[in-house]
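The values are calculated or read from the model by the stated rules, or taken from the named source; none is laboratory data. Since we're looking at a predicted model, the values are computed, not measured. Every residue, glycine as well, gets a Cβ built from its backbone with ideal geometry; the counts of neighbours run over all protein chains shown. These area figures cover heavy atoms from the full protein model, side chains too; ligands, DNA and RNA do not enter into them. Shrake-Rupley method; radii C 1.70, N 1.55, O 1.52, S 1.80 Å.
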Amino acid sequence: MNRIHQKLQEGKKILSLYFTAGYPTLNDTVKIIQDLEKNGVDMIEIGLPFSDPLADGPTIQASSTQALKNGMTTSLLFQQLKDIRKSVSIPLILMGYFNPVLQYGVEEFCKKCQEIGIDGLILPDLPLDVYQENYEAIFKKYGLVNIFLITPQTSDDRIRQIDAASDGFIYMVSSASVTGSQDGFGNNQEAYFERISDMRLKNPQIVGFGISNSETFQQATKHAKGAIIGSAFIKFLTQKGVDKVGEFVKGIQK
Amino acid sequence: MNYNVDEKGYYGEFGGAFIPEMLYPNVENLRQQYLKIMAEPSFKKEFDQLLKDYVGRPSPLYFAKRLSEKYNTKVYLKREDLNHTGAHKVNNTIGQILMAKRLGKTRIIAETGAGQHGVATATVCALMGMECIVYMGEIDIARQAPNVARMKMLGAKVRPALSGSRTLKDATNEAIRDWINNPVDTHYIIGSAIGPHPYPDMVTRFQSVISEEIKWQLKEKEGRENPDYVVACIGGGSNAAGTFYHFLHEKEVGIIAVEAAGLGVDSGESAATSVLGKMGIIHGCKTLLMQTADGQITEPYSISAGLDYPGVGPMHAHLYKTGRAEFIAVTDDEAMQAGMVLSKLEGIIPAIESSHAFAILETRKFRPEEIVVFNLSGRGDKDLDTYIKYFKL
C-alpha cells in the first residue's frame, strides 16, 4: 500500500494541487511542495513540463514553456526531488506527457520515481491498451500507481474497463475541455458527477479541470472523493509569487 | 514485409494512437467506421465524382522532355499542381469531408502550415456548407498572407496559434485542443499522414489516387505499370504516401523520399527528420521526430512552410527503418535552384515543397532508360514572394 492508498482511506475530501516543476523559477519546486504540505494540501501533482502539452490550456502551456526556458529537465527534476521524502510525507504524483518518459527510458524513470518516493504517475497520452500491454508490469514493479482519466464522453463500458485497470483513483475530467478553460459547473457537470457516482466504481474519483476556488471545490467534491486544482494555482503563482502559497490554499479550504 | 498498417494501427514499430482520453471516443469511432464508410458504394461514387468534376482528376502524367534530356533519364511529372486549389491536399479534404458528413459532424477544424491544407479544407467546407475553423501559426499567417485571404473568402475562420514556435506544429496542437473542447459536433481534418491511428492510413488511402493513376497512365504511355522510381518530397508525408502507396509492395519500384535539409542537415536549421529524428511521440503517434535528449520536441526549419514539420508520418518512418525507401535531404538552395530549372525548362513553376524532389536530379544519377516519376505536389503561386526574394526577381 503506498501513500496514495493510505490517503484515500482517510475520511476526508482530498484537496490536490498541480503545479509545473521549475516554475516560476527553476528552483521553486521543492519550496512549493513543502509549503503546500505545511498548509494542509492532501496530495500534489508535480508537472513535468513538455514542449507540446496538447491537453493543456494557455495557463499551463505558458508555465511549461517558461519552466523549459528556465532549464527544467527530467534529470534535473529528479535531482531536485532526491531528498523530498526527508521533509514531505503526503502523496506525490508526477504528471506529464509520455514522450519525455519514453526518452528517459520507462523502466529507468519508474525506478528513479521509486528511489525518490514518488507514488503515482499521470500520463494522459499513454493509452490504456499500450499501458497494459507494455508498461503495467514495470509500474507495479516499482510500486507506482498509474492514474487514468475519464471524461463526460467516456462510455460506461470504457469507464468499467478503466476502473478495472486502476488501482488508486480515477482522474475525472469535469467537462469536455483542456485545462483551465472554464469556471463554475453547470447542470451538465452535476448530472455527470452523479452518473459516475451512481456507477459505484471500485476506485474513488478525484475531479480535475475547472476547479478554481472554494465554491467549485465544494461542488466537485459533493459526490467525488476529492478535486485537483491546476491552472488557478499557476495563475496565483504567476501573480503573487511562491511566498504566498498558504493564502491560496486557505482560500480553497475556507 | 508488410508496409501497410496492421490491425492495431502500427507500421512495424511506428504508429498507434497515443492520445489523451478526451480524444478517445472520437478517434475510436473513426477507427471503427472509416474502412466501412470508405467501402460503401455511395461513398465511393460521391468521392470519385467530386475528384473528377470538382478537383479535375485524373491529373496528367506528363513526360518532361527537356528535363529528361538535361538529366539523361526519363522523367515523368505527376501533375498534382493542376488540381483545384493547386496541390494534392484537396484529395484528402474531399475524402474527409464526406467522411465527416457520414459521421454526423457539422463543424470542421484543420491545421495548416503553408496554408495549402487550410485552403483545401476551407474549399470543401464551402462546397458542403459546413462551418470551418483553421488553425495556423502566427508566423505562417504573416508569411502566407494570400492563402489566409483565400481561406477567409471561402468562409473559414483562421485562428492564430500563438504558442511555441507559432508554426505548423503549434497549429496542430491548437486544433487538437479545439477537438478536446468540442468533442460532439466536430471532425478534425488532419492534412498530413500523421496523427493517431487511423489518420495516417485514412489520409494515405485518400491520397493513394495519385499512385493508382500513375499505374494506368504509365501503362498507356510506356506499356508498363511500374516505373523504376517514384519520388516525392516529404514533410509529414501525405503527398509521398499517396505517390508510394500502390508501389509499396512492387519490389522493382524504387521509392525515394526527399526531406528538407534547410540550411544543411547539420546546421541546426533543418527539417531532415530521418537523419535528425529519434523514435518518439508527436501529435498522437509514435514515429521519428526531432527532439532533445530530454524528449522535448524541437523546432524544425525549412524555406518551405509545407516541409517545416519536426516529425514524419509513421508509414514513412517504417519505410525508412526497413530500408524500403531511400531518403535524401535537400537544402533550401538546392530546392530553389531546382524550382528555377523546372520553370525554365518545362514552363512549370513548382511549389517549393515539390522543388525539393526535383533537386535530387543534380546528385542522384539515374540511367538513361530508367523511368522516374516525380510527384509535382503543388504549384508555385503561393511561393512567388519567396522566389522573388531569393532570386531578386
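Observations, loosely collected:
- Residue B:292-residue A:133 pseudo-label distance in nm [points 7 Å out on the Cα-to-Cβ vector]: 3.1 nm
- Stretchable slack from residue B:28 to residue B:220, in nm (0.36 nm times residue separation minus alpha-carbon distance): 65.0 nm
- Sites residue B:35 and residue A:161 - FRET efficiency at Förster radius 35 Å, r taken between beta-carbons, to 0.05: 0.90
- Relative contact order (%) - criterion: Cα under 8 Å, at least six apart; region: chain B: 20 percent
- Each peptide among B:374-386, A:33-45 gets the average number of other Cβ atoms lying within 10 Å of its residues, and from highest to lowest they stand as B:374-386, A:33-45.
- Of A:57, A:186, A:143, the residue with the greatest mean-square motion in the GNM of chain A, using alpha carbon springs below 10 Å, is A:186.
- Derived scalar couplings between HN and Hα for the range A:96-110 equal x, 9, 6, 4, x, 5, 4, 5, 5, x, 4, 5, 4, 4, 5 Hz in order, rounded to whole Hz, by the Karplus curve 6.51 cos²θ - 1.76 cosθ + 1.60 (θ = phi - 60°), x for Gly and Pro.
- Lysine pair count for the range B:150-291 [Cα-Cα under 19 Å; pairs on different chains or 8 or more apart]: 6
- Only one residue of A:224, A:213, A:236 has its Cα farthest out toward the positive end of the dipole of the range A:171-248, where Lys and Arg carry +1 and Asp and Glu -1 on Cβ, and that residue is A:224.
- A cut-off of 5 Å between modelled amide H atoms, ignoring neighbours fewer than 5 places along the same chain, links residue A:14 with A:226, A:227.
- Length-normalised contact order for chain A - Cα pairs under 8 Å, 6+ apart - percent: 23 percent
- Net charge dipole, the range B:128-265: roughly 380 debye, given to the nearest 20, about the Cα centre with Cβ charges of +1 for Lys and Arg and -1 for Asp and Glu.
- 3J(HN,Hα) couplings calculated from phi for the range A:142-159 with the Karplus curve 6.51 cos²θ - 1.76 cosθ + 1.60 (θ = phi - 60°) are, in sequence order, 9, x, 9, 8, 9, 9, 9, 9, 10, 10, x, 8, 5, 6, 4, 4, 5, 4 Hz; Gly and Pro show x.
- Accessible area (Å², 1.4 Å probe, nearest 10) - residue B:362: 100 Å²
- With the charge dipole of the protein assembly as shown set up from +1 on Lys and Arg Cβ and -1 on Asp and Glu Cβ about the Cα centre, the Cα lying farthest toward the positive end among the listed residues A:50, A:22, B:24 is that of B:24.
- Within 10 Å of each Cβ in B:165-177, the average number of Cβ atoms from other chains: 3
- Set of the range B:55-95 residues, backbone N closer than 15 Å to the point 7 Å along the Cα-Cβ line of residue B:126: B:55, B:84-87, B:90, B:94
- Extension gain (nm, one decimal) between residue B:4 and residue B:251, 0.36 nm per residue minus Cα-Cα: 87.5 nm
- Against chain B, whose longest principal axis is taken from its Cα atoms, helix B:41-50 shows a tilt of about 60°.
- Residue B:191 long-range amide H proximity, modeled H, under 5 Å: B:111
- Remark: the residue B:42-residue B:344 segment gains 104.3 nm on full extension, using 0.36 nm per residue and subtracting the alpha carbon distance.
- Rounded tilt (10° steps) of B:89-102 against the dominant C-alpha axis of chain B: 30 degrees
- Free-standing Cys, chain B [no other Cys Cβ under 4.7 Å]: B:233, B:285
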